[in-house]
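The values are calculated or read from the model by the stated rules, or taken from the named source; none is laboratory data. None of the values given here were measured: they were computed from a predicted structure. FYI the Cβ positions are ideal-geometry reconstructions off the backbone, even for glycines, and counts take in every protein chain you see. Protein only, heavy atoms only, side chains kept; ligands, DNA and RNA dropped before computing areas. Shrake-Rupley method; radii C 1.70, N 1.55, O 1.52, S 1.80 Å.
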Amino acid sequence: MSGPGISQEGSTTMWHYRNPVDIHAGRGALAQLPALLQGRRALVITFPEAVALGLDARLRSLLGDQLAAVETGVQPNPDVSWLAPMYERLWRDHADVDCIIAVGGGSVIDCAKAMLAPTPSGTFAELLALLAGATAPDAGRPRSLIAIPTTAGTGSEVTPWATLWDQARGRKHSLHQPWSWPEAAIVDADLMLSLPRGSTLASGLDALSHALESLWNVHRNPVSASLAVSAARDIITTLPLLLARLDDVALRERMAVAALQAGLAFSNTKTALAHSLSYDLTLEHGVVHGIACSFSLPRVMALAMGADDALDALLLRIFDADSTDAAIDRLTRFLEGLGVSTDPGSYGLDEAEWPQRVDQALQGPRGRNFITTGATR
Ligand SMILES: NC(=O)c1ccc[n+]([C@@H]2O[C@H](COP(=O)([O-])OP(=O)(O)OC[C@H]3O[C@@H](n4cnc5c(N)ncnc54)[C@H](O)[C@@H]3O)[C@@H](O)[C@H]2O)c1
Ligand SMILES: [Fe+2]
């Protein structure tokens, strides 16, 4: 990863980009799954609707006797209250299975990441202690993950991060381990055709947020920046068209690739201020992640602009704008045009408290990635 002050055109700082995920993409790519297993048996983790959609039956027939079990009980926003019993059951009953196949949105892929590593006692509490900074227990080899997204949003198929929620305690855990990178990703837009409008909108805006957050980020480097600019431009043109034609597979595919590119961009930078602001909104007000991390983007962009000429140029290019105000206005109109309010009051937040929320969010782990902390809020 790069350090602060890097410029897009001529970098004066050394930088590094790495992503180890083996990516297979295109319509029908799901058929490559048995070959990717290379003879291993696997557990499938998927979302509840996969049964009615026939996806569960398709996976069973594709995998045959390579399939150890199918787990369909994944709800949106994986919560420790149900992750714990699932973790303990899957390690107790299937300790010999080497591979997990996650077929679903970010909730399924993040849930699967939590199921990868064994602990000495086989308890989820021990895994959470590891996330809290305890020394990694050596309890054997983690399983491999093949991630197959069915939403075009989180990019979790190409990142090592997982967000594990604890609604009862009003907090979240971030999983990030050397073993939590997927081994492979299969990005097949055919699997996204059944995604309803609300989740198509939220996950698409999550991807836009990932692209922009990887740009106004102290870890930005020339590779992450070009992926992010391409992703953001494609999302801005494609998402409104897709929301009017949910069954258009060409548009689904463009969004799938854009979300993948945004994932590749932030896999090396992490997110920044808009995500840091989002977590309390999801925990306290139940706002879905993709909306919570995108409604504030125009305000966050206003803070980011002016800090770094190269960043300003990238943002102006994304919005085909010739001034900061025009770019912010275009982003605001884009979100409002999709029915997403950019006013904190619409989410139960008090406008008077906004500056304080921003100050607090800047101090969080994601907020500290934000490119500037000096602007007036
Ligand atoms: N790991 C990361 O880097 C990362 C990044 C961003 C967000 N996240 C996390 O991802 C989660 C959000 O993921 P998401 O936006 O992909 O949504 P999701 O996985 O929560 O899915 C949204 C809803 O759509 C359903 N669904 C998924 N695919 C479907 C399909 N093809 N057809 C019909 N229904 C389908 C799900 O069952 C669910 O009810 C949050 O918990 C968020 O914290 C993780
Ligand atoms: Fe996100």
Check ASP190 against each of (1) open to solvent by less than 40 Å² (accessible area, probe 1.4 Å); (2) of a type in the set (D, E, K, R); (3) more than 16 Å from ligand 2 (Cβ to nearest atom) and name the one condition it does not meet.
-> (1)
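For (1) at pLDDT below 95; (2) small (Gly, Ala, Ser); (3) under 24 Å from the mean Cα position of the chain (by Cα); (4) open to solvent by less than 40 Å² (accessible area, probe 1.4 Å), each residue gets a yes or a no:
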position: GLY3; (1), (2), (3), (4): yes, yes, yes, yes
position: ALA25; (1), (2), (3), (4): no, yes, yes, no
position: ALA29; (1), (2), (3), (4): no, yes, yes, yes
position: LEU33; (1), (2), (3), (4): no, no, yes, yes
position: LEU36; (1), (2), (3), (4): no, no, yes, yes
position: ARG40; (1), (2), (3), (4): no, no, no, no
position: GLY54; (1), (2), (3), (4): no, yes, no, yes
Which of (1) in a helix (DSSP H, G or I); (2) open to solvent by 30 Å² or more (accessible area, probe 1.4 Å); (3) touching a Lys or Arg at 6+ places or on another chain (Cβ under 8 Å) does LEU246 not meet, given it meets every other one?
-> (1)
Among (1) open to solvent by less than 10 Å² (accessible area, probe 1.4 Å); (2) among the basic types (Lys, Arg); (3) in contact with a strand residue (DSSP E or B) (Cβ under 7 Å, 6 or more places away or on another chain), which single condition is ARG220 missing?
-> (3)
Residue count, segment 155-177, condition part of a loop (DSSP other than H, G, I, E, B) and open to solvent by less than 20 Å² (accessible area, probe 1.4 Å), comes to 3
Quick check: is even one residue across segment 236-243 open to solvent by 10 Å² or more (accessible area, probe 1.4 Å), free of Cβ contacts under 8 Å to residues at least 12 places away in the same chain and of a type in the set (Val, Ile, Thr)?
-> yes
From the list SER199, SER203, which one is open to solvent by 30 Å² or more (accessible area, probe 1.4 Å), assigned by TED's automatic domain parsing to the domain that holds ILE291 and over 21 Å from GLN32 (Cβ atoms)?
-> SER199
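I'm trying to understand the selection: among the residues of segment 328-339, which are open to solvent by less than 50 Å² (accessible area, probe 1.4 Å), away from ligand 2 (no atom under 16 Å from the Cβ) and in a helix (DSSP H, G or I)? Don't jump to the end; show me each part of the working.
Of all residues in segment 328-339, those open to solvent by less than 50 Å² (accessible area, probe 1.4 Å) come to 328, 331-332, 334-335, 338.
Narrowing further to those that are away from ligand 2 (no atom under 16 Å from the Cβ): 328, 331-332, 334, 338.
Correct list: ILE328, LEU331, THR332, PHE334.
What strands (runs of 3 or more DSSP E) completely inside segment 19-111 contain at least 3 residues that are hydrophobic (A, V, I, L, M, F, W, C)?
On the way: elements: 22-25, 42-46, 67-71, 99-104.
By residue number, 42-46, 67-71, 99-104.
Quick grid of which residues meet (1) open to solvent by less than 50 Å² (accessible area, probe 1.4 Å); (2) among the β-branched types (Val, Ile, Thr); (3) without any contact (Cβ under 8 Å) to a residue 60 or more places away in the chain:
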{"residue": "ALA262", "(1), (2), (3)": "yes, no, no"}
{"residue": "ALA292", "(1), (2), (3)": "yes, no, yes"}
{"residue": "MET305", "(1), (2), (3)": "yes, no, yes"}
{"residue": "ALA310", "(1), (2), (3)": "yes, no, no"}
{"residue": "ALA326", "(1), (2), (3)": "yes, no, yes"}
{"residue": "SER341", "(1), (2), (3)": "yes, no, yes"}
{"residue": "ARG366", "(1), (2), (3)": "yes, no, no"}
{"residue": "THR372", "(1), (2), (3)": "yes, yes, no"}
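How many of the residues in segment 178-198 are assigned to a loop (DSSP other than H, G, I, E, B) and among the acidic types (Asp, Glu)? Working first, answer last.
Going through segment 178-198, the residues assigned to a loop (DSSP other than H, G, I, E, B) turn out to be 181-183, 188, 193-196.
When the remaining residues are screened for being among the acidic types (Asp, Glu), the result is 183, 188.
Counting residues in segment 178-198 that are assigned to a loop (DSSP other than H, G, I, E, B) and among the acidic types (Asp, Glu) gives 2.
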Under the condition of being without any contact (Cβ under 8 Å) to a residue 60 or more places away in the chain and open to solvent by 10 Å² or more (accessible area, probe 1.4 Å), which residue from segment 223-235 is nearest to ligand 1 (Cβ to nearest atom)?
-> LEU227
For VAL44, are the conditions met, namely being within 16 Å of ligand 1 (Cβ to nearest atom), open to solvent by less than 20 Å² (accessible area, probe 1.4 Å) and outside the structural domain of THR150 (by TED's automatic domain parsing)?
-> no
When you go through (1) in contact (Cβ under 8 Å) with a residue 12 or more places away in the chain; (2) part of a helix (DSSP H, G or I); (3) surrounded by 15 or more Cβ atoms within 10 Å (Cβ to Cβ) one by one for ALA125, which number turns out not to apply?
-> (3)
Matching entry among ALA117, ALA152, ALA147 (being hydrophobic (A, V, I, L, M, F, W, C), under 22 Å from ASN77 (Cβ atoms), buried (at least 17 other Cβ atoms within 10 Å of the Cβ) and in contact with an Asp or Glu (Cβ under 8 Å, 6 or more places away or on another chain)) = ALA147
